[in-house]
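The structure appears below as structure tokens.
The values are calculated or read from the model by the stated rules, or taken from the named source; none is laboratory data. Note that the structure is predicted; figures quoted are calculated from it, not measured. With ideal geometry, Cβ positions are generated from the backbone for all residues, glycine too; neighbour counts draw on all protein chains shown. Protein only, heavy atoms only, side chains kept; ligands, DNA and RNA dropped before computing areas. Shrake-Rupley method; radii C 1.70, N 1.55, O 1.52, S 1.80 Å.
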Number of protein chains: 2
Amino acid sequence: MVKTVEQIATALHLSITTIRLVLNGKAEQYRISAKTQERIHNYVAEFGYKVNHTARSLKLNKTDTLGLIVPRLSNLFFSTLAEKLEIRCRDAGYQLMIGCTYSDARHENKLVEALLQRNVDGLFVVPSSLQSQNHHAKLVERRPLVLLDRDFGETGVALVVSDNCQGAEQLTRVMMAANGSAPLYFLAGDTEQPAIKMRLQGYRRVMGENPGQWILEAGHNRQEDGSLMMRQFFQRHHRAPQGFIASSLPILEGALSVLREQYGYIPAEINIGTFDEHAMLGFLSNNVWSMRQNEDAWAEHAFTAMQTALSGEAPPSGKVMIPMTMIHRQRAFAGE
Amino acid sequence: MVKTVEQIATALHLSITTIRLVLNGKAEQYRISAKTQERIHNYVAEFGYKVNHTARSLKLNKTDTLGLIVPRLSNLFFSTLAEKLEIRCRDAGYQLMIGCTYSDARHENKLVEALLQRNVDGLFVVPSSLQSQNHHAKLVERRPLVLLDRDFGETGVALVVSDNCQGAEQLTRVMMAANGSAPLYFLAGDTEQPAIKMRLQGYRRVMGENPGQWILEAGHNRQEDGSLMMRQFFQRHHRAPQGFIASSLPILEGALSVLREQYGYIPAEINIGTFDEHAMLGFLSNNVWSMRQNEDAWAEHAFTAMQTALSGEAPPSGKVMIPMTMIHRQRAFAGE
DNA sequence: TTGTAGGCGTTATCAG
DNA sequence: CTGATAACGCCTACAA
């Protein structure tokens, strides 16, 4: 059973102060004898040592805890990011409190408050809007804030995003080549959301003058919005697109479910592009290009930004852009 | 800017005690005058009020924080569960600290210790082995512990699991009917893992006497283990199975990737069964049956178990079995 | 080397 | 109704 400082002191017939001194690494400074240190360390090695983290937090005004706020954990990108970030933080002695907003601004604000009341040392947030972003910036006051995934602008704080524009350009270019003369459509979800906006921008940039007619929009980025857009497409064209890009996985899921409704299957000759990578994209027989976001790099950059801020140096600021990686799955020919 | 109790007291020329009394809802009990309450509430409504949760925790010896330990967050089942549980806890005033073990017992033990040092009021754990489960049971001592997903036995504590055995029976029965006289294989991952073991048991129960020849095993439940088993199958039979059940999604992903390697596509006539539901299963053209686990019910049961334990009544105990739901996707016929 | 005292912000108790 | 005060356990000076 693990021991408290007091128990160690009595067991070893030493003073509490002495125990604390060596346990807090001030042994040399206070010239504690080597044998005493030995004894203490041996004892701790055997039984363990339990600090009351709460009391410590009260005194030192830091909790060694960080907060992470994401829209949804059930989104693979965010859950992977959370996983990587949690490990990275833990390795550095921080625990992560993860909260999830369901993309609801009120949830989000409540969550920020709840975490701040618990005295988290810093906050990672995927903001849902400019308003809420500013709301947080106000609240956190002297605690570091690192924004993730969405650049709403108007902020001096640290920000980590994927290079969505570049990624979209690359994806569009490659798919254009594969798609031949047929139009390459873009099924965008919520075009107000900065990441989506950037993806659309990259697409536009490559498509040139007037790709507006090839862009479909929906208010949100959910599966049902993907279905909606593909249904719209069918109403207009009475057939499936030769090639299209989905602005995110849920959009793709929705769009493909409509194709399946219409045809009874997903026509394998359609060229499919999407953002975010998932092993199950391999279940499709189509040519599939996916733009993977590098969660490891995200976690690393986000954490270092947080760390420099925590160390009290510069206030965290500056945008980090992380390149995306293209993954291509060749069309699978069913030879029966 | 939010105010501390002290700031409010000085601003309103009242005593700190008075402020606390009304803020903590003891106004009536101590017969604070209505106008004083008014003044305080108005002030708080305007400026807000910030408690120091840390000091409160020190005094009350509770942190209003719960811990959740899962193998991986990037696994959709666990991330969905985490999401539901987090919301459920938050609604009840608890924050959730989520940690992730990568199925590594050492990680897991460290994590339990870290959370306990932070004085979480209770712990939800998906244990990776009987040893670690017992290890935790020792450590938590007087904190409630609720075990999830895996029944290693030998425990009196609360436990929430899916009814894997019943689910497997149902799945096997339905697939048998669809599969005709062809053998229905079972690609199991780590058969030591209780959830997998139960699934296998349900399968065996329906298959009767000697299905051993139709069961493949691997040491773990990762994608590469799925690949391994399907490769073994090919070495033996030089063709794909007519129908098979994967013990979990990663296994399925691995198995199908091998089929794609072998054939260049995933033969649509194969009947596929799997545990855990995912929208992307709709990307397959095959007949697909998936057994969905009901995360809402999990979160609800796990939380109520925790809550009764926290309220100090009975020590948490007893197993809750949550039924699975079968989802069937019809084979999609490609008419080209 | 070791002991002691003050204070972190809250709650609970007791005395006005 | 209101004010004062003792814990909660830890850290840090400072004294011995």
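The C-beta contact set for segment B:10-34 (first residue in the same structural domain as B:A45 (by the TED database), second residue of a type in the set (F, W, Y) and near DNA strand D (Cβ under 8 Å from one of its atoms), distance under 8 angstrom, 6+ apart or interchain) comprises B:L21/B:Y30.
So is A:V160 under 27 Å from B:V70 (Cβ atoms) and of a type outside the set (S, T, N, Q) or not? Taking the combined requirement at face value, the residue satisfies it.
If I filter segment B:256-266 for residues that are more than 12 Å from chain A (Cβ to nearest Cβ) and crowded, with 20+ Cβ neighbours inside 10 Å, do I get at least one hit? Within segment B:256-266, none of the residues are more than 12 Å from chain A (Cβ to nearest Cβ) and crowded, with 20+ Cβ neighbours inside 10 Å.
You will find that of B:A27, B:A34, B:A55, the residue that is near DNA strand D (Cβ under 9 Å from one of its atoms) and within 14 Å of another protein chain (Cβ to nearest Cβ) is B:A55 and no other. Across segment A:19-45, the number of residues qualifying as more than 8 Å from DNA strand C (Cβ to nearest atom), open to solvent by 70 Å² or more (accessible area, probe 1.4 Å) and not in a helix (DSSP H, G or I) comes to 4.
The combined condition, being closer than 16 Å to B:R90 by Cβ, under 18 Å from the mean Cα position of the chain (by Cα) and open to solvent by less than 10 Å² (accessible area, probe 1.4 Å), is fulfilled by A:G99. Within segment A:49-85, being within 16 Å of DNA strand C (Cβ to nearest atom) and not in a helix (DSSP H, G or I) holds for A:V51, A:N52, A:N61, A:K62, A:T63, A:D64. Evaluate segment B:45-54: report whether one residue or more is in the same structural domain as B:R20 (by the TED database) and among the acidic types (D, E). Yes, segment B:45-54 contains at least one residue that is in the same structural domain as B:R20 (by the TED database) and among the acidic types (D, E).
Restricting segment B:196-248 to residues that are of a type in the set (K, R) and in contact (Cβ under 8 Å) with a residue 24 or more places away in the chain leaves a set whose member that is farthest from B:L148 (Cα to Cα) is B:R231. Close Cβ contacts (under 6 Å, 6 or more residues apart or on different chains) running from residues in segment B:276-288 that are touching a residue at least 24 places away in the same chain (Cβ under 8 Å) and more than 7 Å from chain A (Cβ to nearest Cβ) to residues that are of a type in the set (V, I, T) and not in a strand (DSSP E or B) comprise B:N286/B:I270.
Among the residues of segment B:110-130, what is the count of those that are open to solvent by less than 40 Å² (accessible area, probe 1.4 Å), more than 10 Å from chain A (Cβ to nearest Cβ) and either of a type outside the set (S, T, Y) or in contact with a Leu (Cβ under 9 Å, 6 or more places away or on another chain) (or both)? Qualifying residue count, segment B:110-130: 8. Only a single criterion out of (1) in contact with a strand residue (DSSP E or B) (Cβ under 8 Å, 6 or more places away or on another chain); (2) free of Cβ contacts under 8 Å to residues at least 40 places away in the same chain; (3) not hydroxyl-bearing (S, T, Y) is not satisfied by B:K110, namely (1). Filtered by the rule that a residue be over 11 Å from the mean Cα position of the chain (by Cα), more than 8 Å from chain A (Cβ to nearest Cβ) and crowded, with 16+ Cβ neighbours inside 10 Å, segment B:65-95 gives B:L66, B:G67, B:R88, B:C89, B:Y94.
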